[in-house]
Amino acid sequence: MHYLTDRFGATERRMIWLAALVLLPVFFFPVLPIWTMKLWAPQYREGLTLTIYTNTIKGDLQNINTLNHYVGMHRITPDDFKEFRYLPQALTFFGLMALIAGLVNRRWVAFLGWLAFSGFAIYMFSDYARWLWSYGHDLDPRAAIKLPEFTPPLIGFSRMANFKVLSMPGPGTVLLGLAWLLGPLAILYEMRAASGRRRPRRAA
Amino acid sequence: MKRWIVLSLAGVVALGLASQLPGCTASRGGSGAAAAQKVYVKPGEHDTYYAFLSGGHHGNVYVYGMPSCRHITTIPVFTPEPAVGYGVDEESKVMLGGFSWGDAHHPGLSETDGDYDGRWLFINDMPNARIARIDLKDFKTRQIFGPIPNLSAAHACPFPTPNTEYVFAASRFSAPVPNRYVKVEDYAKEFRGIIAGVKVDPKDGTMSMGFEILMPPFNWDLADAGKGPSHGWEFFTCYNSEMGFDSLEVKASQAEMDFVAAVDWRAAQKAVDEGKAKMISGVPVLDPQQVKGIAYLIPVPKSPHGVDVNPSGEYICASGKLQADVSVYSYAKMKAAIDGGKFDGDRMGVPVLKYEDVLEATVPVGLGPLHTQFDDKGNAYTSLFLDSQIAKWKVGPPWQVVDKIDVYYSIGHLMASEGDTRHPTGEYVVALDKLSKDRYLNVGPTHPEAAQLIDLRGPKMELLYDFPTYLEPHYAQMIKAEKLKPITVYPMVENHKPGAIRTAEEARIERKGNRVDVYGLVVRTHFTPDIVRVNEGDDVYFHWTNLEQDDDIAHGFGILWSSCNMQVEPGETKTMRWKAARPGITPFYCSNFCSALHQEMQGYIEVSPRGTPVAAVQRPAPEKTAEVAALLKTE
């Protein structure tokens, strides 16, 4: 138990700084896409793009919405997503926690922060999946073209009517994932270091 | 640890790149040199097909040579063409009837026994409900019939019958019949659709009113004539059987079924001849509530667009544009159901047949099927708007798609070589696309339209050539070149125009009141007379006869400071009116390059102030006449 109340090792602490470095700027500079969706159709061979940031959606929204109305999908408008109003703040908050953990130099603070971050990530993924589901299921029954209900892909390829869709996490999500991964990595590193201390390696 | 970080960073980069990939798109089509040889027509040699592409809202017809895809000429039809004086000279001005615009959708070649006979080309002006006849002897518009009374736009038009007994027109929009003030909200009660049969004189092609049928106020869309066993019937698709009058995009897409109307045109004409029609706006109109046995409705899923009868005439193919199938109906089953009186109610007096009773097969072709054409091997070709493809399928069991080809982009109509006749040649199909996007050199936001020539002779369809067209071909026709034998000059001996003269001695200027008639000759390289004296305020009618009988020696007649210009072909006489508004000198000249001394081919109009005495008849000076006569003799 005293593992949690201990201070960080030097490398561990550097990893905490790194996590803080990734997370803290999100609110101030939400520049990296967290998800991208690319749609191709015969007459859109260059593809239409939807790019999701922590605070908005950009890309060929107008075109995609115009096309979607044929099959009765809801308009995609950034204002519909309350998530954009707390997501950057939340991520920066987790960065702040990492920063505080580093400053007070206590493992338990970092551990709490990591747990909260994990819970938040799970919530956000399920939230995103729910959005996708509802876009493909809550179709206007009066639409000109009646599609069977569908769920756009969370990740990977799929076909929707005459469109091919590729859905991929953006660099933002990858960085966030790496920051999250620093948690277990730190533990792993510390465990190795601890076992090294118990059985100091002799020169061969 | 470092390796992890490097790997992770590499992952980030890879994902970022992957999301930008244009990767999963198909190729841009075409197969290179082998295809090029199939469209190459040696300089000086001729194409094997004429293709007539409608000019859409440009209001004319484009003539292409196939397989080279060369644009040969444009035939002005519903739109003035000042270069040749179409809509400017008196005759064509009268024919245009005051309209300066038309939306020409569906060219239809005249037929004998269900095959193209190369005599005339009919084409509709959708918004003004007119049909034009182009004579293929000289590629000139010779009649514009309409606006057809009671009809709000003619989209399902003209689609001639197998012996060109009739061309048809059906109202795309509905309106009160006769048109009068009503509330739009009373649509279902007051509005009606119209299907019109227009008779064609078998000798000279002259169109005249046959009959009209009062139909429910659906949007009548496309048509095709029955042939073989189904000869005597014309089929029309419709959408908006929901009878919406606003927000059609939504309201006309609700019902599971719309209809194909089958019209027994012989029965309709007989009913008119027996006096069963009511005269409305001067034309005989049949009301199916009272007159039975002239029209029936066949249910078709999901807002059909095209309807096409296969070469044998046994099957009627209709495509619900909001579904992924072509519905194939059997004429024999339709006839049996009608003869057996098996109806499922009626819509405003038009009996409705049961879908299952008439359906032969549904063919899963792909998304957005619009139109179908045929080849000589029992295959059908259906354009797929949403998939931007053409699907080739077997007419007959197992009713399956055997090949598909990409086209660029969003295909509307397609045109196979003689592909809507009893004997398609099965050589080519042309995809007529609605969008060209990036296919050609960028010329700004007004993109040209796109078309692709596809070879049908092999087991797989092969894209041969891609060419832009000006706005905006809808349907087209492709006919073997050897079936047409156009003239190259108008024989002077057949020129019976009242304004025509044949010798320099006949050249003169006659005055009656303030109307002045100039009877003149144009020959390389002079106008006779070339000095025309008139008074201020005169209406001057120039009747120019081009005495030449040599190929391609047309002369122009353009008057300065005016909209008056026309071209007079060899052997032709044309009349143009010009108002002498102000005293002064107005030059005129030959505006169509004719020969070495083309620049010298000119003249002057001398306009004297109002009231100046002018001779009732002026003739060119005798020595001048003798000079011209001498010139003409040596020619």
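The residue list B:S8, B:S19 contains one member that is surrounded by 17 or more Cβ atoms within 10 Å (Cβ to Cβ), at pLDDT below 95 and within 14 Å of chain A (Cβ to nearest Cβ), which is B:S19. With respect to the conditions (1) within 25 Å of B:Y355 (Cα to Cα); (2) of a type outside the set (D, E, K, R); (3) within 14 Å of another protein chain (Cβ to nearest Cβ); (4) surrounded by fewer than 21 Cβ atoms within 10 Å (Cβ to Cβ), B:S253 falls short on a single one, namely (4). Within the stretch B:214-250, if we keep just the residues that are within 13 Å of B:F159 (Cβ to Cβ) and charged (D, E, K, R), the residue that is surrounded by the fewest Cβ atoms within 10 Å (Cβ to Cβ) turns out to be B:D221.
Return yes or no: is B:V395 away from every other protein chain (no Cβ under 14 Å) and either closer than 24 Å to A:I145 by Cα or within 23 Å of the chain's Cα centre (by Cα) (or both)? Step through it out loud before you land on a result.
Working: away from every other protein chain (no Cβ under 14 Å): yes; either closer than 24 Å to A:I145 by Cα or within 23 Å of the chain's Cα centre (by Cα) (or both): no.
Answer is no for this residue.
Kindly check whether there is at least one residue in the stretch B:623-630 that is at pLDDT below 95 and touching a strand residue (DSSP E or B) at 6+ places or on another chain (Cβ under 7 Å). Checked the stretch B:623-630: at least one residue is at pLDDT below 95 and touching a strand residue (DSSP E or B) at 6+ places or on another chain (Cβ under 7 Å).
For the stretch A:13-33, enumerate the residues that are touching a helix residue (DSSP H, G or I) at 6+ places or on another chain (Cβ under 7 Å), over 11 Å from A:P88 (Cα atoms) and more than 11 Å from every other protein chain (Cβ to nearest Cβ). Within the stretch A:13-33, A:R13, A:I16, A:W17, A:A19, A:A20, A:V22 qualify. Would you confirm, using the coordinates I've provided, whether B:K404 is within 13 Å of another protein chain (Cβ to nearest Cβ) and out of contact with any helix residue (DSSP H, G or I) (no Cβ under 8 Å at 6 or more places or on another chain)? Yes; evaluated as a whole, the condition is true for this residue.
Residues of the stretch A:140-161 include none that is among the basic types (K, R), touching a helix residue (DSSP H, G or I) at 6+ places or on another chain (Cβ under 8 Å) and crowded, with 19+ Cβ neighbours inside 10 Å.
Counting only strands (runs of 3 or more DSSP E) that sit wholly inside the stretch B:265-374, those with at least 1 residues that are within 27 Å of B:P176 (Cβ to Cβ) are B:278-280, B:283-286, B:295-301, B:304-309, B:343-347, B:350-353. Hey, can you tell me all the residues within the stretch B:435-482 that are of a type in the set (A, V, I, L, M), over 19 Å from the mean Cα position of the chain (by Cα) and either closer than 14 Å to B:M66 by Cβ or surrounded by 13 or more Cβ atoms within 10 Å (Cβ to Cβ) (or both)? Across the stretch B:435-482, the qualifying residues are B:L435, B:L453, B:I454, B:L456, B:M461, B:L463, B:L464. All conditions in (1) away from chain B (no Cβ under 14 Å); (2) within 30 Å of B:P369 (Cβ to Cβ); (3) in contact with a Leu (Cβ under 8 Å, 6 or more places away or on another chain) hold for A:K164, with the sole exception of (1). Being crowded, with 20+ Cβ neighbours inside 10 Å and within 35 Å of the chain's Cα centre (by Cα) is the filter; apply it to the stretch B:521-542 and report the residue that is nearest to B:P609 (Cα to Cα). Per the stated criteria, the residue is B:V540.
Looking across the stretch B:126-146, the residues that are more than 18 Å from B:D201 (Cβ to Cβ) and in contact with a Cys (Cβ under 9 Å, 6 or more places away or on another chain) come down to B:M126, B:A129. Condition check: away from chain A (no Cβ under 14 Å) and β-branched (V, I, T). Does B:V429 satisfy that? Yes.
Checked against (1) surrounded by 13 or more Cβ atoms within 10 Å (Cβ to Cβ); (2) away from every other protein chain (no Cβ under 14 Å); (3) over 30 Å from B:S410 (Cβ atoms); (4) free of Cβ contacts under 8 Å to residues at least 60 places away in the same chain, A:L91 passes all but condition (4). For the stretch B:308-316, the condition of being free of Cβ contacts under 8 Å to residues at least 24 places away in the same chain and under 22 Å from B:H371 (Cα atoms) holds for none of the residues.
In the stretch A:128-148, the qualifying residues are those that are part of a loop (DSSP other than H, G, I, E, B) and of a type in the set (G, A, S), and the one that is nearest to the other protein chains (Cβ to nearest Cβ) is A:A144.
Checked against (1) facing chain B (nearest Cβ under 8 Å); (2) under 12 Å from the mean Cα position of the chain (by Cα); (3) part of a helix (DSSP H, G or I), A:A179 passes all but condition (1). Scanning the stretch B:256-291 for residues that are surrounded by 14 or more Cβ atoms within 10 Å (Cβ to Cβ) and either within 14 Å of chain A (Cβ to nearest Cβ) or of a type in the set (S, T, Y) (or both) yields B:M257, B:D258.
The values are calculated or read from the model by the stated rules, or taken from the named source; none is laboratory data. Since this is a predicted model, take the numbers as computed values, not measurements. Here the Cβ is made from the backbone with ideal geometry for all residues, glycine too, and neighbour counts use every protein chain on show.
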